[in-house]
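Just below is one structure, and these are the notes that go with it.
The values are calculated or read from the model by the stated rules, or taken from the named source; none is laboratory data. Nothing here was measured: the structure is a model prediction, and the numbers come from that model. Cβ coordinates were reconstructed from backbone atoms using ideal geometry, including for glycine residues, and neighbour counts include every protein chain displayed.
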Amino acid sequence: MNTKSRLILGLLFFQLLLYSQTYQSGTGINLFRINSNYVSAEVEYNSGEIKKGLISGFIENENIEILNLSQFSNFESQLNIDDDKFKFKKDENSKPEKLNKNELSRITLIKGTSNKNFYLKEVYAIDIKTKKLKSLDRKVWLPKLRSNQKIDVFGFNLFLNNRYTYTYYYLTLENDKVIRFFDDKMGLCGYECGKEYYSNFLNEVFVRSCEEMKVPVQEYMDSMTKENIKKTFKEKDNKIKEIKKDKNLKSEERAKLILETEENFVLQPIQDLISIHEDKCK
């Protein structure tokens, strides 16, 4: 395990602690948008059948503006859209039909040349008290952020007062099940408690299904010194400063690069572990 790889995971844990601090101080409500008009879409049924057409009443956000991170569970529950909340039709002249979420596996929103894929997933988490995997008894529509052979990454970029805060992510457990890395009570957890929780999360995702991941995961955890975390966090901030100083970039290009840098800062550590898992656990 090289030094760079070890430092990267430290970044992720530091972000987790920052998220915990924000979680304690936020006030307000969660904001996300539901389409009221029909937009181009593709739906995939559990049977494998795929239909193209227009959808109304589905999530349209690529990023989420959130004013109170302590209310995130309420926001997450809102993603469990009821059957009668969104409709689908073949074209403008067709009669709309109600979509039953229990019959669907994927909804893709089509905007020009870009697609946004949402998958219906059952959410699990590590219980911070028992340290065991628990079902949150909810299915939610999640956009896919990274595709891999076995473990995909789902989630949203979260913003506070129009400023990027965190990329909230979920990882594939099996089939239609995902695990989120954050427990609602972690805002009161503290550094050591949070580190233990994160270790349990990594072991559930990677080691439980493949003993060969035990050493890589432990090496990642051992790399989490506060000195390394602060250093790599500063490197990320310096990279963003350079992007902001680049006068050759248009405002939209600059914003996109900054968001990509922030998102990669959070997701690259987990992506590195996924790559090791795919190599070792065939």
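General observations
- Any hit, segment 102-117, residues being of a type outside the set (Asp, Glu), under 16 Å from the mean Cα position of the chain (by Cα) and closer than 28 Å to residue 54 by Cβ: yes
- Hits in segment 211-225 - residues which are in contact (Cβ under 8 Å) with a residue 12 or more places away in the chain, surrounded by fewer than 16 Cβ atoms within 10 Å (Cβ to Cβ) and not hydroxyl-bearing (Ser, Thr, Tyr): 212, 219, 222
- Scan of segment 262-282 for residues that are over 15 Å from the mean Cα position of the chain (by Cα) and either more than 21 Å from residue 237 (Cβ to Cβ) or surrounded by fewer than 17 Cβ atoms within 10 Å (Cβ to Cβ) (or both), ordered by number: 273, 275, 276, 277, 278, 279, 280, 281, 282
- Of residues in segment 90-103 being touching a Phe, Trp or Tyr at 6+ places or on another chain (Cβ under 9 Å) and part of a helix (DSSP H, G or I), the one modelled with the highest pLDDT: 103
- Output for segment 210-234, where each listed residue is part of a loop (DSSP other than H, G, I, E, B) and out of contact with any Cys (no Cβ under 7 Å at 6 or more places or on another chain): 223, 224, 225
- Residue that is modelled with the highest pLDDT [pool: residues in segment 41-89 that are loosely packed, with under 14 Cβ neighbours inside 10 Å and among the acidic types (Asp, Glu)]: 49
- For residue 131, the requirement of being more than 22 Å from residue 197 (Cβ to Cβ) and charged (D, E, K, R) is not met.
- Segment 257-282, residues that are farther than 22 Å from residue 64 by Cα, in contact with a helix residue (DSSP H, G or I) (Cβ under 7 Å, 6 or more places away or on another chain) and part of a helix (DSSP H, G or I): 269, 272, 273, 276, 277, 280
A quick yes/no check of all residues on (1) at positive phi; (2) in contact (Cβ under 8 Å) with a residue 60 or more places away in the chain; (3) part of a loop (DSSP other than H, G, I, E, B):
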residue: 105; (1), (2), (3): no, yes, no
residue: 108; (1), (2), (3): no, yes, no
residue: 116; (1), (2), (3): no, no, no
residue: 121; (1), (2), (3): no, no, no
residue: 145; (1), (2), (3): no, yes, no
residue: 149; (1), (2), (3): no, yes, yes
residue: 157; (1), (2), (3): no, yes, no
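- Scanning segment 123-137 for residues that are over 16 Å from the mean Cα position of the chain (by Cα), in a strand (DSSP E or B) and not aliphatic (A, V, I, L, M), we see that the one that is surrounded by the fewest Cβ atoms within 10 Å (Cβ to Cβ) is 137.
- Within segment 131-143, the set of residues being in contact (Cβ under 8 Å) with a residue 24 or more places away in the chain and of a type in the set (S, T, N, Q) is empty.
- Residue list for segment 146-163, restricted to those being buried (at least 17 other Cβ atoms within 10 Å of the Cβ) and at pLDDT 85 or above: 146, 151, 152, 153, 154, 155, 156, 157
- For beta carbons closer than 6 Å, sequence separation of 6+ or different chains, a first residue in segment 233-247 that is within 11 Å of residue 258 (Cβ to Cβ) and polar (S, T, N, Q) and a second that is at pLDDT 95 or above and not in a helix (DSSP H, G or I), there are no qualifying pairs.
- Restricted to segment 226-238, and to residues there that are closer than 18 Å to residue 164 by Cβ and exposed (fewer than 15 other Cβ atoms within 10 Å of the Cβ), the residue that is nearest to the chain's Cα centre (by Cα) is 237.
- The single residue among 172, 165 that is under 21 Å from residue 259 (Cα atoms), among the polar types (S, T, N, Q) and assigned to a strand (DSSP E or B) turns out to be 165.
- Condition check for residue 207: in contact with a helix residue (DSSP H, G or I) (Cβ under 7 Å, 6 or more places away or on another chain), at pLDDT 85 or above and surrounded by 14 or more Cβ atoms within 10 Å (Cβ to Cβ): yes
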